[in-house]
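Visitor: Pasting a structure here, questions to come.
Derivation of every value follows stated rules applied to the coordinates shown; laboratory data play no part. If you're wondering where the values come from, they're calculated on a predicted model, not measured in any experiment. FYI the Cβ positions are ideal-geometry reconstructions off the backbone, even for glycines, and counts take in every protein chain you see.
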């Protein structure tokens, strides 16, 4: 009991900005964990092939797109998802479902390509756009929690300003991530 009180007192003594950064970091770890759980999904080769075929259509469309259209597609998809993560309470649940599903897709592609899914997931984090995307989603999840808490306390109006700032930040981060991702796609496509 005394440890719980001490923990609460330590949390209360942190400046508000530090609390927000810690919340984002916690959600970053949770997001990676949820996606890794999806990578662990038991898939048969048949299921993996079916999922991979469906996803390949999207991949092929992005691969054949010019730079501007490719960035727009990647950014648009990621930003719409990210916006939904800001919705109080349900946004976090939907976001974790999306991240879990992303992990399942990684597993399916890995199985079809004959690569260890955990290795493929780990190698994803060599790419800077992965860190940017996960960071943006974590910012959205953290703001979701802060906004939900302020709604419960009936002090949500002030938090709306923070939410708008965080939406703008996520948009910038995801735009940078989309540009980097499309640049890498074009560079790798040129090598093959």
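Visitor: For residue 131 and residue 155, calculate 0.36 nm times their separation in residues minus their Cα-Cα distance, and state this gained length in nm to one decimal.
Guide: Details: separation 24, 0.36 × 24 = 8.64 nm, distance 3.23 nm.
Computed gain between residue 131 and residue 155 is 5.4 nm.
Visitor: Relative to the first principal axis of the alpha-carbon coordinates of the chain, what is the inclination of helix 45-64, with its axis defined by its Cα atoms, in degrees from 0 to 90 and to the nearest 10?
Guide: Approximately 90 degrees, to the nearest 10.
Visitor: How much mean residue ellipticity at 222 nm does the chain get from its helices, if each DSSP H run of length 4 or more adds -39500 (n - 2.57) and you divide by all residues, to the nearest 500 deg cm²/dmol? Intermediate values should be presented prior to the final figure.
Guide: On the way: 8 runs with 168 residues, N = 192.
Mean residue ellipticity at 222 nm (helix-derived): -30500 deg cm²/dmol.
Visitor: What is the extension gain from residue 118 to residue 54, computed as 0.36 nm multiplied by their sequence separation minus the C-alpha to C-alpha distance, in nm to one decimal?
Guide: 20.9 nm is the gain from fully extending residue 118 to residue 54.
Visitor: OK, next. When ranked by the protection proxy of mean other Cβ atoms within 10 Å per residue, highest first, what sequence do the peptides 92-103, 55-66 form? Before the final figure, lay out the partial values.
Guide: On the way: 92-103: 18.3, 55-66: 12.2.
Top of the packing list down: 92-103, 55-66.
Visitor: Next question. Between residue 21 and residue 44, what is 0.36 nm times their sequence separation minus the Cα-Cα distance? Round to one decimal in nm. Write down the numbers at each step before the final one.
Guide: Values: separation 23, 0.36 × 23 = 8.28 nm, distance 3.98 nm.
This chain segment gains 4.3 nm when fully extended.
Visitor: Relative to the longest principal axis of the chain, what angle (0 to 90°, nearest 10) does the C-alpha long axis of helix 90-113 take?
Guide: For helix 90-113, the angle is close to 30 degrees.
Visitor: Alpha carbon centre of segment 123-188 versus segment 70-109: separation in Å?
Guide: Taking the Cα centre of each part, segment 123-188 and segment 70-109 sit 11 Å apart.
Visitor: Please give the peptides 131-144, 170-183 ranked by average Cβ packing (other Cβ atoms within 10 Å per residue), highest first, as a rough proxy for protection. Don't skip to the answer; put the middle values down first.
Guide: Numbers: 131-144: 23.4, 170-183: 19.7.
The peptides rank, most packed first, as 131-144, 170-183.
Visitor: In addition: Would you indicate which of (1) 57, 38, 26; (2) 159, 26, 22; (3) 127, 54, 31 is the value of Cα extents along the principal axes in Å derived from the coordinates of this structure?
Guide: Structure-derived value, by its label: (1).
Visitor: Compute the long axis of helix 128-152 from its Cα atoms, compare it with the longest principal axis of the Cα atoms of the chain, and write down the angle in degrees, 0 to 90, nearest 10.
Guide: Long axis of 128-152 versus the principal axis of the chain: about 30 degrees.
Visitor: Quick one: compute the contact order of the chain, relative version, from alpha carbon pairs under 8 angstrom and 6+ residues apart, as a percent. Write out the running numbers ahead of the final one.
Guide: Working: 195 pairs, mean separation 60.3, N = 192.
Result for the chain is 31 percent.
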